[in-house]
Each structure stands twice: as C-alpha cells, then as structure tokens.
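The values are calculated or read from the model by the stated rules, or taken from the named source; none is laboratory data. Nothing here was measured: the structure is a model prediction, and the numbers come from that model. We place every Cβ from the backbone using ideal geometry, glycine too, and count neighbours over all the protein chains shown. What goes into the accessible areas is simple: the full protein's heavy atoms, side chains included, and nothing from ligands, DNA or RNA. Shrake-Rupley method; radii C 1.70, N 1.55, O 1.52, S 1.80 Å.
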Amino acid sequence: MFAHKHLLSIDDLSPEDIMTILKQARTFEEINERPIKKVPALRGKTVCNLFLEPSTRTRGSFELAEKRLSCDSLNAGGSTSSTVKGESLVDTVRTLDSMKVDMFIVRHKCAGAPYIVSQNTNAAVIDAGDGKHQHPTQALLDLYTIREHFGRIEGLRVGIVGDIGHSRVCGSLIPALKIMGAHVTVIAPPTLMPAAPEILGADEITSDLDAALPELDVVYMLRIQRERLEGAPYPSLREYNLLFGLTEEREKLMRPEAIVCHPGPVNRGVELDDYMCDHPQRSVILDQVYSGVLVRMAVLYLLLGGTDNGVDA
Ligand code: CP
C-alpha cells in the first residue's frame, strides 16, 4: 500500500502515495479529539529525533505524533548532543544506529543531510527540513490543510509569495501542488528568486503581487529567511513589506473565499501584518499546525508498518 522506506523528497511520491498519506491522516483526526490521545499502533518502535537546526512546529508535532502512536522516542539533537564537541553527522548516526533505532527524523542546515543519514543506517529516515532543499512533511500538511478547506486541490490557483530562493518549503510544496493538479504562481522580487526560476516547475513567475492576488484561491506567504540571506536582496524590511507584504490594504485585492497560509514562524509586520496573520476567516496558519500532527502521525504509521491504529480506517 505504501512501498517506501524513507521520506527524503516529495518527488519520490506518486499522486496515489500522497492520497494514501492524506487519507491516513484523516483517520487520526478522531484520536486527536479524544481525552486520551493515544493508540498502540507503533508500540515497540524507536524513533530518534535528530534536530540539528532549531524547530518548534516540526519537532513538536513529530514528538506528539510519536507519543500518540506509542513509539519510544530519543531526542538527540541540539546543544546537548556531542555534535557541539565536533562529532560528525555520520559518527553521530552510526552511534545512535547501534542503539537499535527504527527511524531517524532529521532536521539539518545542510541540503542532503537526511540522505547521508539514510546511507549510514538501516533505519527509515524522514527529512524534516534540510537547508534550502526539501521539507516534505510541510508540503503534505499544507496539502492536507488546503484539501480540508476546499474539498479538493486539483484546479485551485495557489500563489507562493516571498523568499522563494532560500525556501525548502517551496522545494517540496511546488512539486506537491503540481502532482495534485493545482496551478502554481511564484511571486517574489527577482533578488529572492533562484538564478533559474523555471527549474521550480511553477506555472507562472512574477514580481507583481498586486496583479496576481485577485486570481488566487490560496495565498501562501513565505518567511523571509534572515538566517540564510546574503547581500541585500531588498533595501529594508519596511520596503519589502510595502511591495510584498500581505497587508490589510492588500486584502481588498483577494477573492472573497481566498485563504492565507504560512509555514511559520511568521515575521509579523514583514511578510504578513497582524490583521492578515490573525484573520478569523482567511488565515489557516493554526490549521496548518494542527494538520502537522495528523500528517506526521500518518507518515510514521505508514513508514514503520503500523498496525492497530485504534480507529476504523
Ligand atoms: N514550518 C516549520 O518547519 O517550522 P519549524 O521550523 O518551527 O519546525
């Protein structure tokens, strides 16, 4: 039903694979509404959360997903691991692998790090965000959120706005949306686009947010990745907000039913102002966070061969 060992790139998934994950995630909605949010589906499995770059949403939702499916978890990243003493990624993985881990979930600042992990373990590996490369579970939770909202993905017009060039979210989300039949427009200043933006695979590329907005069903705002910026791609954050920020004034250009997504964390007042970030009808940012738990439960369950998920699928 789900013939993959790892989740290293959204490009490895077929439309059927994606639908399997989204449907499996849906079955876990009910568990997350229970007073005791726990089923024995992955009892006996051990998952290592190897987060070597900061994370709140991804790490938190993977940890909760593991607990709700009754995995044993090992948190091995961060400032308390021996990586800060200079231990290499490969030695770290081989060390943890010796402890009989069934899965590594890897967040790393370098593109390709999860692949390197997969080459040095017999365990399954999930890419939880690597450099500017991929963030496949983010794309899956975005698909889940959009599909729950509109009842479909095919035919929707999605605009992805902002720091395209530094975005691993983009690296997974554009192919995911294309696989599922959406029309994708990327919108950014030329200085925040990749050198050859056509390799992104989007249907349209523009720097005119105001012209694009009235066409969009989903306005997906990206975080300005200040930690990855080089040079001065825009004169100031205020100028960026004026030209590419989603503001109360700009909302007037949006379709009445259009929604606003953001992977988080948000730079309030830069890519999104408070009014749009907290908009009760348009903003689905916290729905995305909730979807993250469901989708990560589904990915863990499918990759680790879960049984007895505690619900009728
Ligand atoms: N969207 C996302 O990956 O957020 P975190 O960095 O908080 O995990």
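Brief remarks on what is shown
- Residue satisfying all of: in segment 45-88; among the small types (Gly, Ala, Ser) and closer than 20 Å to residue 6 by Cβ; most open to solvent (accessible area, probe 1.4 Å) among these: 73
- Cross-chain or 6+ apart pairs with Cβ under 8 Å, segment 166-187 first and closer than 26 Å to residue 55 by Cα and at pLDDT 95 or above, then in a helix (DSSP H, G or I) and open to solvent by 20 Å² or more (accessible area, probe 1.4 Å): 170/200; 174/200; 175/11; 186/197; 186/200
- Test for residue 113: is it within 16 Å of the ligand (Cβ to nearest atom), closer than 14 Å to residue 125 by Cβ, among the small types (Gly, Ala, Ser) and open to solvent by less than 10 Å² (accessible area, probe 1.4 Å): yes
- Residue check for residue 5: out of contact with any Phe, Trp or Tyr (no Cβ under 6 Å at 6 or more places or on another chain), in a loop (DSSP other than H, G, I, E, B) and open to solvent by 40 Å² or more (accessible area, probe 1.4 Å): yes
- Selection of segment 122-131 for residues being more than 12 Å from the ligand (Cβ to nearest atom) and surrounded by 19 or more Cβ atoms within 10 Å (Cβ to Cβ) yields 123, 124, 125, 126.
- Every test in (1) open to solvent by 30 Å² or more (accessible area, probe 1.4 Å); (2) within 16 Å of the ligand (Cβ to nearest atom) is passed by residue 291 save one, and that test is (1).
- Of all residues in segment 233-275, those satisfying the criterion of being among the acidic types (Asp, Glu) and either under 17 Å from residue 138 (Cα atoms) or without any contact (Cβ under 8 Å) to a residue 60 or more places away in the chain (or both) are 239, 248, 249, 251, 257, 273, 274.
- First in segment 276-297 and basic (Lys, Arg), second anywhere and assigned to a helix (DSSP H, G or I), Cβ under 6 Å, 6 or more apart: 296/61; 296/62; 296/65; 296/137
- When 94, 107 are checked against the criterion of being open to solvent by 10 Å² or more (accessible area, probe 1.4 Å) and more than 13 Å from the ligand (Cβ to nearest atom), a single residue qualifies: 94.
- Here residue 164 meets each of (1) within 16 Å of the ligand (Cβ to nearest atom); (2) more than 24 Å from residue 179 (Cβ to Cβ) with one exception, condition (2).
- Segment 23-63, residues that are among the aromatic types (Phe, Trp, Tyr) and within 11 Å of the ligand (Cβ to nearest atom): 51, 62
- Failed item in (1) of a type outside the set (S, T, N, Q); (2) modelled with pLDDT of 95 or more; (3) not in a helix (DSSP H, G or I), with residue 141 passing the rest: (3)
- Pair list, Cβ < 6 Å and 6+ apart or interchain, from segment 38-64 residues that are within 13 Å of residue 105 (Cα to Cα) to residues that are assigned to a loop (DSSP other than H, G, I, E, B) and within 16 Å of the ligand (Cβ to nearest atom): 50/77; 51/77; 52/77; 53/109
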